[in-house]
Amino acid sequence: MKTLVLFGAAREKGHTRAMVDLFLEHLDGEKEIIDAYRTEVAPCKDCRYCWHKKGCSIKDGMQDIYRKIEEADNIVLASPMYFHSITGELKSLIDRLQVYWAGHVRNDMPDHFIKKGAILMVGGAPSFENQFLGGELVFKNLLNDLSTEFLGEVCLPNSDVDSLETRPDIKQQVIDLANKMNEANK
């Protein structure tokens, strides 16, 4: 089982990374993290090349990421919330995944889920209704376009005060989600 994490946090040792590390600690198989802040990926230029061919006209670090997505059994999406959505660096990388959405146009989308997926999000503000909705919309739609079955999400609000250490309930949710992914891949 291969798991690919698309990681969108600027701080390499922040709360989002702690959630990812805990998740991966309890997950079976091979694991790799793609750090959106430390990749050489240009933004999508909406040339629509991918509407006609399953690929991208921009030849950069994204070519390796496409290969890793194709090889992965699991996709994990992780980001802190910046102004009610995922970080700009991760969004820019995700925009380059337009090639998968364009499968609707090319008529070559798989007709069933071929991967498993999970979402991890962190918000600095105290918990409020729909705090993670912006991130959910981007991430859930991305998983769908990647033909990936959504297994669940874990959100840590109030990270300006709390952490996985002060929120054992959230810590357990992360472990439970990793175990759910393990079971789903058996």
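The values are calculated or read from the model by the stated rules, or taken from the named source; none is laboratory data. As the structure is a computational prediction, the values presented were derived from the model and not from experiment. Using ideal geometry, Cβ is built from the backbone for each residue, glycine included, and neighbour counts are taken over all protein chains shown.
Considering only the range 93-119, how many residues are aliphatic (A, V, I, L, M), within 19 Å of A72 (Cα to Cα) and assigned to a helix (DSSP H, G or I)? Even if it seems obvious, please write down each step before you answer.
Narrowing the range 93-119 to residues aliphatic (A, V, I, L, M): 93-94, 97, 99, 102, 105, 109, 114, 118-119.
Narrowing the set further to residues that are within 19 Å of A72 (Cα to Cα) leaves 93-94, 97, 99, 109, 114, 118-119.
Within this subset, residues satisfying the condition of being assigned to a helix (DSSP H, G or I) are 93-94, 99.
Number of matching residues: 3.
Picking from I86, I69, which residue would you name as being more than 21 Å from R11 (Cβ to Cβ), of a type in the set (V, I, T) and either out of contact with any Lys or Arg (no Cβ under 8 Å at 6 or more places or on another chain) or in contact (Cβ under 8 Å) with a residue 24 or more places away in the chain (or both)?
Working: I86 fails: more than 21 Å from R11 (Cβ to Cβ).
None of the others qualify; the one that does is I69.
Test G124 against the criterion of being within 30 Å of Q172 (Cβ to Cβ), touching a residue at least 40 places away in the same chain (Cβ under 8 Å) and part of a loop (DSSP other than H, G, I, E, B), and give yes or no. Judged against the criteria, G124 is a match. Scanning the range 26-38 for residues that are buried (at least 18 other Cβ atoms within 10 Å of the Cβ) and in contact (Cβ under 8 Å) with a residue 40 or more places away in the chain gives L27, I34, A36. Evaluated against (1) surrounded by 17 or more Cβ atoms within 10 Å (Cβ to Cβ); (2) under 27 Å from L27 (Cβ atoms); (3) not polar (S, T, N, Q), A102 falls short on exactly one condition, (2).
When residues of the range 129-169 are filtered for being part of a helix (DSSP H, G or I) and in contact (Cβ under 8 Å) with a residue 60 or more places away in the chain, how many remain?
Quick first cut of the range 129-169, residues part of a helix (DSSP H, G or I) only: 133-145, 168-169.
In the following step, the residues that additionally are in contact (Cβ under 8 Å) with a residue 60 or more places away in the chain were identified as 139, 142-143.
Residues flagged as part of a helix (DSSP H, G or I) and in contact (Cβ under 8 Å) with a residue 60 or more places away in the chain within the range 129-169 amount to 3.
Among the criteria (1) out of contact with any Ser or Thr (no Cβ under 7 Å at 6 or more places or on another chain); (2) in contact (Cβ under 8 Å) with a residue 60 or more places away in the chain; (3) surrounded by 15 or more Cβ atoms within 10 Å (Cβ to Cβ), the one K116 does not fulfil is (1). Here M121 fulfils each of the conditions (1) modelled with pLDDT of 95 or more; (2) out of contact with any strand residue (DSSP E or B) (no Cβ under 9 Å at 6 or more places or on another chain) apart from (2).
Looking only at the range 157-186, which residues are more than 17 Å from L4 (Cβ to Cβ), touching a His at 6+ places or on another chain (Cβ under 6 Å) and buried (at least 18 other Cβ atoms within 10 Å of the Cβ)? Of everything in the range 157-186, just one residue is more than 17 Å from L4 (Cβ to Cβ), touching a His at 6+ places or on another chain (Cβ under 6 Å) and buried (at least 18 other Cβ atoms within 10 Å of the Cβ), namely S159.
Only strands (runs of 3 or more DSSP E) wholly contained in the range 1-92 count here; list those with 3 or more residues that are closer than 24 Å to I114 by Cβ, touching a Ser or Thr at 6+ places or on another chain (Cβ under 9 Å) and at pLDDT 95 or above. Break it down into steps so the answer makes sense when it comes.
Numbers: elements: 2-7, 30-35, 74-80.
The qualifying strands (runs of 3 or more DSSP E) are 30-35, 74-80.
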